[in-house]
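Chemist: First the structure, then my questions, so here it is.
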Amino acid sequence: MRPNVMNLRKKMAEVVEQHGEWTAMGIKITDDLSTLEPMPVDRRLSRITQVLADLLPKPLAQSRILDLACAEGHYAIECALHGAEVVAIEGRDANLAKVRFVKDALGLDRLSLHQDDVRHLSREKYGLFDVVICSGILYHLDAPDVFQFAKRVAEVCRGFAIIDTQIALLDKVSQQFEGREYWGVYYTEHASDAPPTERLRDLWASIDNTKSFWMTRPSLCNLLREIGFTTVMECHIPSFLNLPRDRITLVAIKGRRAPIVSSPPTDSLEFEPWPESPPTEPINPCNDPRIELKNELKVLIPGVVRRPLAEFKRWIRSHRAAGPAGPWEWREPWRRR
Ligand SMILES: C[S@@+](CC[C@H](N)C(=O)[O-])C[C@H]1O[C@@H](n2cnc3c(N)ncnc32)[C@H](O)[C@@H]1O
């Protein structure tokens, strides 16, 4: 039987007394009680829940979900409310106490809570999951831990991982992992002389490491491919308008390489790692901002000059050695149309 609202309020006050107010996650307990008032909108929760609804091949109630570094546990709790078997891992007792309060208040028996360092994640310890929610944690780990951790995420994942993370916009420093190079920047988590108690007090930061290694988008995508994800997609809908440019949501699917029977050369394609600075891809001329000026200039040149000039340009193009192809093997096909 669930405790009544008065008891819940009392218990919640005890949690707040001991660990402080809820910091971000507004979770409804009853019609009259929630962890934050007024209840904030959580666009990340909406994104994660929609991705689960759209991509899970079976109902949530038949799925096993892992929520890593769950903080106040909103994503884990939402999944458990839909009937999923959920494992939530969080390093800080102060955060986990709040998840425990909501779990008990809502009677979420299929939600199990573990105070653990996500760097200890393993298949032996936690088993396999249909979905791994890896939100807000990758960028709190330093190299090489971040690589080992990502590898463990892939190991425990039998479906897909939702990776919501900060990325580096600069390729300033590089780190090696299993023979590959990954680029990014360092982010300072704590002052190097900050004592452990002070580090723990910063409820949303790394639990001990003083700096973290943030990967660039190309490096992160390459890493996800190397550790066993076969498709990596970026989420744009549900939208998240005021999200900083260096925060992204990726969905990484743990599949198998799809054989291509109708095209042996395509079937034998090797993986091409994304370069840090993508090559300047050919674009359709209608997207070239200079096109209007070009068209205006064109009409100023008399036809008797323009036509032979165009003919000459066509001749040059047809005799030019085929240059390096773009990422989609395009050779400006629109010019021939
Ligand atoms: C930025 S918050 C993200 C919370 C939540 N997952 C989200 O996406 O909103 C980072 C969380 O990771 C936890 N954390 C940081 N390093 C950790 C580690 N090595 N092991 C377990 N939890 C960790 C922090 O205590 C904090 O709750």
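Please treat every number below as a calculation from the coordinates, not as lab data. As the structure is a computational prediction, the values presented were derived from the model and not from experiment. As a convention, Cβ positions derive from the backbone with ideal geometry for all residues, glycine included, and neighbour counts pool all protein chains shown.
Chemist: Can you work out which of the residues in the range 155-192 that are surrounded by fewer than 18 Cβ atoms within 10 Å (Cβ to Cβ) and among the small types (Gly, Ala, Ser) is nearest to residue 271 (Cα to Cα)?
Modeler: 179
Chemist: Moving to a separate point now. Hey, any hits in the range 179-188 for a residue that's among the aromatic types (Phe, Trp, Tyr), within 13 Å of the ligand (Cβ to nearest atom) and not in a strand (DSSP E or B)?
Modeler: Looking through the range 179-188, none of the residues is among the aromatic types (Phe, Trp, Tyr), within 13 Å of the ligand (Cβ to nearest atom) and not in a strand (DSSP E or B).
Chemist: Go through 107, 136 for me and flag whichever is surrounded by fewer than 16 Cβ atoms within 10 Å (Cβ to Cβ), touching a residue at least 60 places away in the same chain (Cβ under 8 Å) and of a type in the set (Gly, Ala, Ser).
Modeler: Of 107, 136, the one residue that is surrounded by fewer than 16 Cβ atoms within 10 Å (Cβ to Cβ), touching a residue at least 60 places away in the same chain (Cβ under 8 Å) and of a type in the set (Gly, Ala, Ser) is 107.
Chemist: Just give me the residues in the range 140-164 being within 17 Å of residue 249 (Cα to Cα) and near the ligand (Cβ under 8 Å from one of its atoms), in sequence order.
Modeler: Hits for the range 140-164 are 140, 164.
Chemist: Residue by residue through the range 57-102, note down the ones that are among the basic types (Lys, Arg), within 16 Å of the ligand (Cβ to nearest atom) and surrounded by fewer than 23 Cβ atoms within 10 Å (Cβ to Cβ).
Modeler: 92, 100
Chemist: Select from the range 103-137 the residues that are near the ligand (Cβ under 10 Å from one of its atoms) and part of a helix (DSSP H, G or I) and write down the one among them that is nearest to residue 80 (Cα to Cα).
Modeler: So, considering only residues that are near the ligand (Cβ under 10 Å from one of its atoms) and part of a helix (DSSP H, G or I), the one nearest to residue 80 (Cα to Cα) is 118.
Chemist: Can I ask one more? Within the range 139-150, track down each residue that is crowded, with 17+ Cβ neighbours inside 10 Å and either assigned to a helix (DSSP H, G or I) or free of Cβ contacts under 8 Å to residues at least 40 places away in the same chain (or both).
Modeler: 139, 140, 145, 146, 147, 149, 150
Chemist: Sticking with this structure for a sec: Could you check the range 18-36 and list, in sequence order, the residues that are under 12 Å from residue 98 (Cβ atoms) and not small (Gly, Ala, Ser)?
Modeler: 18, 19, 21, 22, 23, 25, 27, 29, 35, 36
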